[in-house]
Every structure is written in structure tokens, then in C-alpha cells.
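Student: Here it is, the structure in full.
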Amino acid sequence: MSHAQDKYYVPHGSHWPIVGSIGLLFLMLGVSTWLNGADFGFWVMMAGVAIMIFMLTGWFGTVINESEGGLYNPQVDKSFRMGMFWFIFSEVMFFAAFFGALFYARNMSVPWLGGESNNFFTNLLLWEGYEATWPTGGPGEVGGEFQTMGPLGLPLINTAILLTSSVTITIAHHALIAGKRGILSTFLALTFILGFIFVYMQAVEYVHAYQDLNLRLDSGIYGSTFFMLTGFHGMHVTIGAIMLTIIWLRVIRGHFTPDNHFAFEATAWYWHFVDAVWVGLYVFVYWM
Amino acid sequence: MGATTVNNLMLRKLFLSLLGLGWASAASADWAINMPRGITELSQETFDLHMMVFWWCVAIGVVVFGVMIYSLLKHRKSKGAEAAQFSHSTTAEVVWTIIPVIILLIMAVPAAETMIKLEDSRDPDLTVVVTGYQWKWHYKYQDQDIDYYSTLAMPSLKARFKDSGADVFDVDNYLLDVDRPLVVPKGKKVRLLLTANDVIHSWWVPDLAIKKDAIPGMVNETWFRALETGTFRGQCAELCGKDHGYMPIVVEVVEEDAFQAWLDTQSEGSAQLAQAEN
Amino acid sequence: MTTAVADAHDAHDEHHGPEKGIRRWLFTTNHKDIGTMYLVFSLIMFFVGGAMALVIRSELMQPGLQFVHPEFFNQMTTMHALIMVFGAVMPAFVGLANWMIPMMIGAPDMALPRMNNWSFWILPVAFGLLLATLFMPGGAPASGWTMYPPLVLQTGDAFPFLIFSVHLMGLSSIMGAINIIVTILNMRAPDMWLLKMPMFVWTWLITAYLLIAVMPVLAGAVTMLLTDQFFGTSFFLAAGGGDPVMFQHIFWFFGHPEVYIMILPAFGIVSEIIPTFSRKPLFGHDSMVYAASSIAFLSFIVWAHHMFTVGMPLSGQMFFMFATMLIAVPTGVKVFNWIATMWKGAMTFETPMLFSLGFVFLFTIGGLSGLMLAIAPADIQYHDSYFVVAHFHYVLVPGSIFSLMAAAYYWLPKWTGYMYNETAGKWHFWTSTFFVNLTFFPMHFLGLAGMPRRIPDYSTQFADFNFMASVGAIGFGLSQLIFVYVLLTAKKGEEASDRVWEAPKGLEWTVPSPAPYHTFDTPPVKRVHEEAFE
Ligand code: HEA
Ligand code: HEA
Ligand code: CUA
Ligand SMILES: [Cu+2]
């Protein structure tokens, strides 16, 4: 095996990417036709989802086998790390678009609709009597009156949960490096359990918002930014928690060594990223 | 202009374009190739700004291309040139960083001055609310209780369709004429308040040096003071759907008293219309 | 150990050549195969997008409506731009990166070969979906490539397809960019210091960074369009507290860096070619690197120069005007460095050099008209007129496209092992140059005289220059057939030597022509590297 280590491992042809493309084709075709009102679109979409899951299991399975088979040298490992880093950076920029929308709405469009800056006539001619406040459903009160989710209560608990999970995964990481497998698997399990609890709480929060507060996705710009930001975040937590679960299963199977555990670290980074986004959300969406 | 003339014209133009642009434009000096100077102080300032920057660009082009062409002619292998091997010079780098910065500053100052004036729409003599629709304009004289739509004029409208059979060269001001123009007095500061009803449009009259987007849900301001009477034409400048090319703008600048007279006929007209509707 | 590993292990040991038949292309992880697929795909898209441009130009040849309906005209404009930008220019640069970067830095392949395959194979899906919209009720998207709401929300069944195909293009670009960054940062030969890297590699490093930074923002923007359309959000609806103009800010935050994504690799290409045919080292290599980085940095803070007429507060207009003007400085540094490279060289004028020189000339013209556009009060006149169309076609067609042609001619012998037909190449250059100017130069005059863009029909006073432009477009299109001829006969010429040209620098010229399926399995040793590089 040692001779594999001194060369950069270039895999032989693989069919997973093309399976992935077919999956994306079905997925996008399905969602689009479904949104256009064709019921069969739903099933095409589900087929796409199934193909994608099949692809992801197969592709990652191959990579895991190669990794466990010792084909990867430290340079390959570094490629993976860098790849993950830049992927997370792209995710940061995706969220930046939505945070940008939030800042724009709060500091520009809403005040403008209320007549600020060079928009005196906007207010006078089109939205007379509208006063710029935040939160708002806009001058047209799109979606009707609503109440907001305060920063205390559920969101605070959720913050605590995510922050704790950040600690637990760090403990797990140290345990992995120190070779303490028992602590590793316990704290890893704790982390994804906390993750799933977060997702559950978030779901409870949404139900509460819809049923009691009349705060909905279509509650003007407030509802739009609130649900899009927390929604995409929630999606990312879900994915992160699933990733953690898989890593945990691999730990149980005896994968990873103190100096070879890229997948673990990548997941940990991802988890910290999701965490950091939440802190941003908590401050700018719930608090301010 | 009859159909045969058009064909001849086309042939001539084909010939000219094949000969190349320089020739073609020299041959017909009357073709509009530059921005109009316009009829407001600011349109003329904008024009001067445009020409100033243009000449700077020409100058830069002459120097840069001059050096390059010299090098292309002299430093070619077929002329027996031997390649020198220098590959950096801090002095040169500093010089050609600083000189452009200076040129840019020279451009930036007057540009900023004009910009500030353009934005100053305070204290108007007349305010018109302009609303863009798919695909026509609506004008409302704020304090005069006059409002009306302005749409593509009949002759253009008839000729514009595919297979209309019309020769568009026979239509006066093809696509640039409306049924009811915007009428404004000469020498007065006219403020426009622009908004739209459906999608974004943009109100553009080159002679006034005004282009401002009309955005649904928002009101934009702009202004002009026409120094000459006459008819000035423009078009919607923001893609607004299939008939974006068919919502022209015509502004008629008239003397103050003619404007008053026009206002009177208009308010009578609207009053009558209102009665008829009731 | 499972069989998968055993297989992979085998493959690794023996180094197969390419697989046979279609499997080679579907499953490949080889950077050269993937590069080829990217390049072929982009050439096809160039012709598809070009055919649409010809529809546009045919309709605009004379005033009056002759061939298409206005709604179809708008679809052509929109699809032409989307296909040229995302389907032709960007994938072509990624294809070149795939082919050349590993060979230029002495790497065995791209860092993440399987993902490399996927990032390519997403493209046919994306463009399949996009092109399919032409046959849908309501037709293809017709709101311009800028997709401004509320107009874009009037798109018919094509709407979700548009959004998702943009998502897919973004996904593909991001994966491609990650691969390129990681390859450059992690796979260089041992003594290839960062500042020793060839300019093409440098500009791509910066481009890849721009891509990862802005493609997700575009994805976010179109996602908001989707939810506004289908799920009742109010991002771009004033009544709900949003603002249609907000989309424009987000779009151009992507869109402006995007235009540099389409020009920085071009800068890299001509920075490779001009030294070779001047027989002189690139002048000011390091300042070129700093200039490219400055351009990239500035590109993030100039976006609203596309929006001088939307009614921004004065301070905003001022800021964006000044920031935009600043970009002329680092770009000037590039132009001056190229000229200093030619200065006192011993130049010859093979086709790649011709295209590079054409690039420097005509890109500069486009850049200077860009500078004029940056002057906000004047842009109020230029905006959304054919002056803008002239500007960006000058930087994109004799800019990006010419650089791609130059690259193709420059490296073709390395790819195929044969010299291309030089006479045909020269014809290709001279006809293209003549016609590209005939097409786009008159558009400056049209714009200044007041012709708005995105209109299917115009007033008779614009007839003459439009006629010229249309003749030019047809001529330019036909000229590209010469390129196809060159490609089809690419293997009929003399055999190319390993170095191909007289004095090219760079590791790619140390490997045989045609480049073997696998290069640099072991990183090049210092000696080879120095010989190639000094
Ligand atoms: C490859 C693509 C590319 C490139 C490189 C550029 C480069 C530049 N562009 Fe362009 N641009 C586009 C593609 C590109 N653009 C596109 C596609 C659009 C339209 C989008 C749409 O609406 O659909 C557009 C539109 C556009 C606008 C908006 C116009 C409008 O809609 O009203 C503006 C305004 O400022 C602008 C400015 C510039 C500037 C200042 C540069 C500068 O980077 C140029 C710098 C170069 C030089 C200046 C020349 C070389 C320098 C020297 C020789 C040094 C000496 C010079 C001086 C001292 C001045 N561009
Ligand atoms: C990289 C980008 C790129 C490239 C390469 C081009 C290339 C060309 N473009 Fe494009 N264009 C854009 C990007 C690009 N464009 C963008 C972003 C817009 C703005 C869209 C918007 O407003 O939203 C635009 C808009 C645009 C317009 C304005 C449309 C409007 O406002 O309504 C026009 C009009 O003339 C035009 C023309 C051309 C022409 C003639 C070419 C030519 O260079 C094309 C040449 C290529 C060919 C012609 C194809 C090859 C040859 C053939 C097919 C020959 C025939 C073959 C056989 C018979 C077998 N373009
Ligand atoms: Cu209204 Cu374009
Ligand atoms: Cu820009």
C-alpha cells in the first residue's frame, strides 16, 4: 500500500457524476413542471430525489472505501480540505444574498416607502400615511397583520442548543485526536441529537408562527426575509445533522484515525458554519 | 420615398458598408453620429462632459495605439529586430499608474458637478406625474387637474406590424410619434415624478438629457428647463415586455402663453369628458 | 478491502489510456478529456447563441418588422445573452483551465477529478432545460439576461426552468472554480512559487475566487424571484415593503464581477501569447498580478454603475461613479505591460499573436467606452442605448472571444500534435477583425443618436448603421466557419514539435505534442522546471 502514498491518487473513470446529472435533470424538470401545475411533476421530482440519494450514497461510498483502503496521501487530504473550505465560502455568499436583502429592506426600501432620502413623493403619492417601521408587512400590509417571534423563548433555547452542539463537537474532535473512541462517539451522538432537537424546535416555532402569530412566508418583507433566512438555515442544519449521523455511524464502524479524518473535520467545519449563520440570524432577525 | 428608392438606398448602403465604415460615414455626413446637444442647460453640460471624456479617450487611444503600432512596425523579427530581455521597470510602472489617476481626476470633477445639478429638482414651476403602463405613458399635471394617456400615433401603429404592407419610410417619425404629446412651457422648471403601473419603464428624451426609470411602487424625481421651443422625441428605455419598442415619448415645448392657452383647452376638454362620463 | 478499491487501485497502478467509445466521455476523470468536452460544448453554444444573434440582426437589418414578432425578438435577445455568457464564454475558459492549468503547474490532473466530470455534465442539463423553454407555452424567457422583476414574473411556463437552469449553471461554475483553486493552491510542482506561476494560472486563480464569491449570490437572487412568483414573498414588491430595484442591486453585485470573470482569463491568455511571439519575457509579471487582484477587488464595489437611472441617492451615484473610474487604472497597467512586452521584442505574427494583438487594440476601445459609461451624468444618456451594446460587445467579442481564438490556435498543436492551417488561421483573423468592427462600431453612433437597446424595430433615421451592423454580423458569423474548417483539418498539417513555437515559456512545452493522456504523474524535477521557466 505504501507506494500509493507517494503519488497523487487520480481515480479511474466514474459513473457517479453522470448519475448525478441525470438526477438533477429529473429533479429540476420535476420541480418546474410541478410548479407550473402539472401533478406528475411531483413524481418526476421524487424520482430525481431518489436518484440523487442513490448517487450520493454511491459516490461517498466509493470515496470512503478508497480512503479506508489507504489510497489517499496527505496531499489528497489537503485537496479535500481546501475543497470543503471553498464550498463553505460559497454557502456563506449564498446566505449573504439573503442577509443583503434583509439589510436592504430595513435600511433602504422600507424607509424609502416611508418617504426618507429622495423618496418624499413615493410616500406622498403612492403610500400616503405609511410610516416606516420594522417589522412591517409593507405599505400594502401584504399578508395581513402579524406578530413577530420575540428573541426570548424558543429562539433563545435554540441558540443555546446550537452553541452547546458546537462545544460537543469540539470535544468529540479532541477525543478523536486523542484516540478516545468512547468519548468521541458519545459526544458526536450528542451533537447530532442536539441538531435534530433544534430542527424540531424550529418546526414547532413555524407552526406557532403560522397558527398563532399570523406570521407567514407571505407576510410582506418581514415574513419573506424571516422565513427565507431561517428556512434555508434550518435546511442546512438538517443536512448537517444527517452528515453528523453518518459520521457517527462511521465512527461506530471504526473509521477515522487521529491523523486521517477528513470527513469528520469537514462535517465539523460545516457544523460551525451553520452555527455562525445562526448567530447572525439571532442577532439580525430576532433581536434587532 | 417610394419602394424603389428604398431598394436603391439599400444597395448603396450595402456597397458603402462593404467599403468600410470610414468611407461610409464620410459619404453621408448628415447621418446622426453623435449625442444631440439638446435644449437644456444640463443637456448641454452633459454633452460637453461627453465630448471632454471622448477626446480624452481619443488622446489616450492615440498615445497607446501609437506606441503599439510603432513597436509593431519596428520591432519585428522580419526587420531583423533582436529581442531585448528587460522585464521590469518600477519607474515605468509608477508613471503609468499615476498619469491615468490624474486624467481620471480631471474627468471626475466636472462630472460630479453636473451630477449634483441633475439631482436638484427643488422649487419647480410645474410638476407632472408620469406613469408608465404596458405600453403607453400617462401624464398628470399635478396642480392643473389635467391628465391623459399618450400612445403610439396611428400612422406608426398601422405600419408597425409584420406584413402590414406599409413602407415605414413613408411614415413620418415612424415609431417616434404619439397621439397626445407632453406639453410644457419654455423656460420653466418642470419636475417629473415618475412611477409605473406594472413593470419598470424608463422615460428618455435625449434632447432633454433625461432618462429616469419609472418603477412600480416607487416615485422617482427628475427635472428639466427647456430653453427652446419645438418638438422633442424619445422612447421608453427599459425593457418592459413585447411592445417596449412601441411606447415613444414626445415633448412639445411651447411659449408660456401658448402653454396657458393649451391648459385652458385641456381643462375644458377634461371637464366635458368628465360630464360625458357621468 | 472491497472490490471498488481493488479496481481503483489497479487503474492507478497501470495507467490506462482513455477508455473506448462513449464511456470515455461519460465517465472520464481526465482533465484533458474534460477540457475537450468543455471546449466543444462551448463552441456549439457559441454557434447556437450566434445563430440567435443573427436572428436579432436580420430583424434589425431594416426598419419595419420583417421576420419575427416582438415577443420572439425579446426571447432571442435574452437567450442569446444567457447562452453566450454562461454557455459559450465561461465554459470555454473553464475548458482551457482544465486542459492547461495542470500542465502549466506540473500537476498530474485536477485536484478533484470526479467532481470535475460532474461540473461539466451539469452544463448540458442546464442548457437543455433552458433551450427547451423555446418550445413552451409563452415561449422562452424574454426579460433580458438581467431578468429584472416585475417583468420577468410575466414569463410563461418557462419561468421555473429559467430559474433552475441558472441554478445549475451556478452549481457547475462553483464546482469548476473550487476545483481550479484547489488545483492551483495544492498541486503545484515543488518549486513553483506562487509568484512564479504563469499569468494564465494567476488570472484563473483570481477568477475562480470571483466565481465562488458571486455565483451563489446570483443563485440567491433568482431564488427570491422564484419565491416571489410562487410562494408569495415580497422581496421585489413595494407593497410588501420590498423593492424591484433590490433585485438589480443583488443581480449586479453578481453581474459586474461576472464581466471580469469573462475577461480576466482572457488577460491571462494574451499574457502567455504576447511574450512568446515577442521573444521577450512578460513585462512586469508581478505588477500584472497585483493589477488583476485590484481589478477583482474593485469589481465588488462598482455594481451600481449599471443603475445610474434607477433613482439612487446622490451619494450612491457619486461613490459608484468614482469607484468605477478607478478600474481604468489597473486595467491600464495591464495594457501598458503588454505593450512594454512587445517593445524592443522580435515579433512575428502567427495567428495566435494576431488574435492577441487584435484583443489589445479592440479591448482597449471597449474599455475606453466603458470609462465613458462610468461618467454618471453622461451615462444617463448612454444607458440602455446601443452605445452600451457597442461597449460590451467590444470587450466581449474582440475581447473574450478573440482571446479564446488566440488560445485555441496557440495550444491546438499541443493538443493535437499537428500544426493547424496557418493561412486559414490568418484569414479567420482578418475577416473576423474586419467584420467585428463593421458590426459593433456603428452601434456607438446608433446609441448616441438615441436608439434604445432591446427593440425589434426602430425609427427610419437609424436605418443606415443598423444595416451595416447586420451585414457585419453575417460576415462575422461566416468568418467563424473558417475556424470550424481549421478545426476539422487540424490533424492534416505537419507534425508539431514539443515546443511548437520558437521560444514559448512554461511547463506545457516540456511535454510531447500531442500531450500524452497523463502528464506529470510525478512532479517535474527542478531542472526541467527551470529550463522551462527561466
Ligand atoms: C468582459 C466584459 C466587460 C468588461 C471587461 C467591462 C469593462 C468595463 N465596463 Fe462594462 N459592461 C459589460 C461588460 C464588460 N465591461 C457588459 C456585459 C455590460 C452591460 C450589461 C447589460 O446591461 O446587459 C456593461 C455595462 C457597463 C456599464 C453600464 C452601462 C449602462 O447600462 O448604462 C458601465 C458603466 O459604468 C460599464 C463600465 C465599464 C468600465 C469602466 C470597464 C473597465 O473595466 C474598462 C477598463 C479599461 C480601460 C479604461 C481601457 C484600458 C486602459 C488604458 C489604456 C489606461 C488609460 C486609461 C485611462 C486613464 C482612462 N460597463
Ligand atoms: C459573450 C457574450 C456575447 C457574445 C459573444 C455576443 C455576440 C454577438 N452579439 Fe450579443 N449580447 C450579449 C453578449 C454577447 N453577444 C449580451 C450580454 C447582450 C445583452 C442582452 C440583453 O439585452 O439582455 C447581447 C445583446 C446583443 C444585441 C442587442 C439586442 C437587443 O438589445 O435587442 C445584439 C444586436 O445586434 C447582439 C449582437 C451580437 C452579434 C452579432 C454577435 C456576434 O459576435 C455573434 C457571432 C457568432 C455567430 C454569428 C455564430 C457563428 C456563425 C454562424 C451561425 C454562421 C452561420 C452558420 C451556418 C449558416 C451553418 N447582441
Ligand atoms: Cu416601457 Cu419599455
Ligand atoms: Cu459593470
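Student: Using only Cα atoms and rounding to the nearest 10 degrees, what angle (0 to 90) does helix C:70-82 make with the longest principal axis of chain C?
Tutor: Once rounded, one gets 30 degrees.
Student: Take the Cα pairs of segment A:1-98, get the Kirkwood Rh, then feed it into Stokes-Einstein at 4 °C and 1.567 mPa s and tell me D in µm²/s.
Tutor: The calculation lands on 81 µm²/s.
Student: Taking Cα atoms, how many degrees apart are the long axis of helix C:31-60 and the longest axis of chain C, rounded to 10 and kept between 0 and 90?
Tutor: For helix C:31-60, the angle is close to 30 degrees.
Student: Could you name the lysines in cross-link range of A:K78, using Cα to Cα under 18 Å and dropping any fewer than eight places away on the same chain?
Tutor: The reachable lysines, counting only those whose Cα sits under 18 Å from A:K78, are A:K7.
Student: Something else about it: If a/c stays under 1.5 just call it rounded; otherwise compare a/b with b/c (prolate if a/b is bigger, oblate if not). Do that for chain A, with a ≥ b ≥ c from the square roots of the Cα gyration tensor eigenvalues.
Tutor: Prolate is the answer for chain A, as a/c is 1.5 or above and a/b outweighs b/c.
Student: Return the subset of C:K32/C:K280; C:K280/C:K414; B:K117/B:K242; B:K188/B:K242 for which the Cα-Cα distance in this structure is over 32 Å, preserving the input order.
Tutor: B:K117/B:K242; B:K188/B:K242
Student: For segment A:186-281, which trypsin sites (Lys or Arg not before Pro) pass both filters: DSSP loop (anything but H, G, I, E, B) and at most 13 other C-beta atoms within 10 Å?
Tutor: Filter output for segment A:186-281: A:R253.
Student: Per the helix-only calculation at 222 nm, which mean residue ellipticity applies to the protein assembly as shown, given -39500 (n - 2.57) for every DSSP H run of n ≥ 4 and division by its residues, nearest 500 deg cm²/dmol?
Tutor: Taken over the protein assembly as shown, the calculation gives -20500 deg cm²/dmol.
Student: Using only Cα atoms, locate the centre of segment C:447-521 and the centre of segment B:33-88, then give the distance between them in Å, rounded to an integer.
Tutor: First find each Cα centre; the distance between them is then 25 Å.
Student: Determine which residues of segment A:192-217 fall in the zone a paramagnetic label at A:L152 would reach in this model, i.e. backbone nitrogen under 16 Å from the point 7 Å along Cα→Cβ.
Tutor: Within reach of a label on A:L152, which here means backbone N under 16 Å from a point 7 Å along Cα→Cβ, segment A:192-217 contributes nothing.
Student: Given segment A:15-167, report the % of alpha carbon pairs whose separation exceeds 21 Å.
Tutor: 73 percent
Student: Compute from the Cα atoms of chain C the Rg and the Dmax, the latter being the longest Cα-Cα distance, and quote both in angstrom.
Tutor: 23.1, 77
Student: Right, next: Taking the Cβ-Cβ separation of C:H518 and A:L249 as r and a Förster radius of 51 Å, what is the calculated FRET efficiency to the nearest 0.05?
Tutor: So the FRET efficiency works out to roughly 0.90.
Student: Counting only DSSP beta bridges with both residues in segment B:42-149, what percent are antiparallel, rounded to the nearest 5?
Tutor: 100 percent
Student: If the viscosity is 1.567 mPa s and the temperature 4 °C, what Stokes-Einstein diffusion coefficient in µm²/s follows for the protein assembly as shown when Rh is the Kirkwood radius over Cα pairs?
Tutor: So the translational diffusion coefficient is about 41 µm²/s.
Student: Out of A:A241, A:A203, A:A47, any idea which swings most in a Gaussian network model of chain A, alpha carbons joined below 10 Å?
Tutor: A:A47
Student: Moving on to the next point. Quick check on my link table: of B:K74/C:K492; B:K74/C:K196; B:K74/C:K491; B:K189/B:K212, which ones sit more than 24 Å apart, alpha carbon to alpha carbon?
Tutor: B:K74/C:K492; B:K74/C:K196; B:K74/C:K491, as the Cα separations exceed 24 Å there.
Student: Right, something else. Among the GluC sites (Glu not before Pro) within segment B:30-111, which fall in a DSSP loop and have no more than 15 other Cβ atoms within 10 Å of their own Cβ?
Tutor: B:E82
Student: For segment B:126-271, give me the percentage of DSSP beta bridges that are antiparallel, rounded to the nearest 5 percent.
Tutor: Given both bridge residues lie in segment B:126-271, the antiparallel proportion sits at roughly 70 percent.
Student: Kindly provide the pair-distance distribution of segment C:324-445 built from C-alpha pairs, with 5 Å bins from 0 and whole-percent values in order of increasing distance.
Tutor: 2, 11, 18, 19, 18, 15, 9, 5, 3, 1, 0
Student: While we're on this one: In the P(r) worked out for segment C:478-519, what percent of Cα pairs fall beyond 15 Å?
Tutor: When all Cα pairs of segment C:478-519 are counted, 56 percent exceed 15 Å.
Student: Here's another thing I want to ask about it. If you take every residue apart from A:D218 with its C-beta less than 15 Å away from the C-beta of A:D218, what net charge results, scoring Lys and Arg +1 and Asp and Glu -1?
Tutor: The answer is -2.
Student: Restricting to Cα pairs below 8 Å that are 6+ residues apart, what does the relative contact order work out to for chain A? Please round to a whole percent.
Tutor: Relative contact order here is 17 percent.
Student: If we count every other residue with Cβ under 14 angstrom of B:R76's Cβ, Lys/Arg +1 and Asp/Glu -1, where does the sum land?
Tutor: Summing Lys and Arg as +1 and Asp and Glu as -1 gives +3.
Student: For segment C:198-287, what value does the Rg/Rh ratio take when both radii are computed over Cα atoms and Rh is the Kirkwood radius, given to two decimals?
Tutor: 1.26
Student: Next up: Grab the other residues whose beta carbon is less than 15 angstrom from that of A:R81, score K and R as +1, D and E as -1, and report the net.
Tutor: Its environment carries a net charge of -2.
Student: A follow-up question, please. Three principal axis extents, largest first, for the C-alpha atoms of segment B:126-271, in Å?
Tutor: Dimensions of segment B:126-271 along the principal axes of its Cα atoms: 44, 33, 32 Å.
Student: Quick one: angle between helix C:285-299 and the longest Cα principal axis of chain C, in degrees between 0 and 90, rounded to 10, please.
Tutor: 30 degrees
Student: Using only the alpha-carbon atoms, what does segment C:360-408 span along each of its principal axes? Please give whole angstrom values in decreasing order.
Tutor: Its Cα atoms span 40, 16, 10 Å along the three principal axes.
Student: Mind sorting C:K505, B:K136, B:K158 by how few other Cβ atoms lie within 10 Å of their own Cβ, fewest first?
Tutor: Going from sparsest to densest Cβ surroundings: B:K158, C:K505, B:K136.
Student: What percent antiparallel are the DSSP beta bridges of the protein assembly as shown, to the nearest 5?
Tutor: 75 percent
Student: How about segment B:166-243: which GluC sites (Glu not before Pro) there lie in a loop by DSSP and see at most 16 other Cβ atoms within 10 Å?
Tutor: B:E228
Student: Continuing with the same structure: Over chain C, calculate the relative contact order: mean separation of alpha carbon pairs under 8 Å at least 6 apart, over the residue count, as a percent.
Tutor: About 17 percent, as a whole number.
Student: Also, I was wondering about something else. Please compute the contact order of segment B:163-278 in relative form: average sequence separation of alpha-carbon pairs under 8 Å and at least six residues apart, divided by the residue count, as a percent.
Tutor: Once normalised by length, the contact order is 29 percent.
FYI, it's all coordinate maths here, none of it is from the lab. Just so it is clear, the model here is predicted, and its values are computed rather than measured. Here Cβ is always computed from backbone atoms with ideal geometry, including for glycine, and neighbour counts include all displayed protein chains.
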